[in-house]
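Comments concern the structure below.
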């Protein structure tokens, strides 16, 4: 994947999340957080949206073309004219991120895993947690109707995640490359 395209997609999601929080005083967003699990593996979470209605663990995807894959397929495919590309299943990828968040936070906070496609091409994926960027606002509103976290919880979660042991982005990328080579 083109890193520049990925960064641009993450920037678009970050902007949408920031806009969502304009009217929510107890709304915090963390971007590009690298967390270490108990086994010592690193996990980069694109966006963690912490609000009174819960924690949203968001994986951004900037995959072009028609996307095909089922929630339990380890590999998904994108189709462009004359080309087929393979991609790790982002639902499974984000499930690991959600587990890592639970492990790091050590409490049973409500955490929702979302995969956001920035090219609005998620329509072929039958999973409630896979959405288009254009649907993010409605998704968050739908899941934001009940306050389950206190104001103190929101602050504590943010502070805990900001203070976690982590590694540099460069080391994380090397570790991922080694793991999947």
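The values are calculated or read from the model by the stated rules, or taken from the named source; none is laboratory data. Computed from a prediction, not measured in an experiment: that's the story for all the values here. So basically every Cβ, Gly included, is an ideal-geometry build from the backbone, and we count neighbours across all protein chains shown.
The table for this structure:
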read-out	value
Matching residues in segment 34-62 - criterion: being at pLDDT 95 or above and assigned to a loop (DSSP other than H, G, I, E, B)	62
Single match in 83, 159, 146, 165 (criterion: modelled with pLDDT of 95 or more and loosely packed, with under 12 Cβ neighbours inside 10 Å)	83
Residue match in segment 126-134 (condition: within 18 Å of residue 28 (Cβ to Cβ) and touching a strand residue (DSSP E or B) at 6+ places or on another chain (Cβ under 7 Å))	no
Filter result for residue 136 (in a helix (DSSP H, G or I), in contact with a helix residue (DSSP H, G or I) (Cβ under 6 Å, 6 or more places away or on another chain), in contact (Cβ under 8 Å) with a residue 40 or more places away in the chain and closer than 19 Å to residue 53 by Cα)	yes
The one condition in (1) surrounded by fewer than 16 Cβ atoms within 10 Å (Cβ to Cβ); (2) under 25 Å from residue 174 (Cα atoms); (3) in contact with a strand residue (DSSP E or B) (Cβ under 7 Å, 6 or more places away or on another chain) that residue 46 fails to fulfil	(1)
Sole residue being in a loop (DSSP other than H, G, I, E, B) and under 16 Å from residue 46 (Cβ atoms), chosen from 119, 108	119
Count of segment 105-123 residues which are surrounded by fewer than 19 Cβ atoms within 10 Å (Cβ to Cβ) and touching a strand residue (DSSP E or B) at 6+ places or on another chain (Cβ under 7 Å)	6
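Every residue, every condition in (1) at pLDDT 95 or above; (2) more than 16 Å from the chain's Cα centre (by Cα); (3) farther than 24 Å from residue 12 by Cβ, yes or no:
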residue	(1), (2), (3)
77	yes, yes, no
90	yes, no, no
95	yes, no, no
109	no, yes, yes
115	yes, no, no
133	yes, no, no
142	no, yes, no
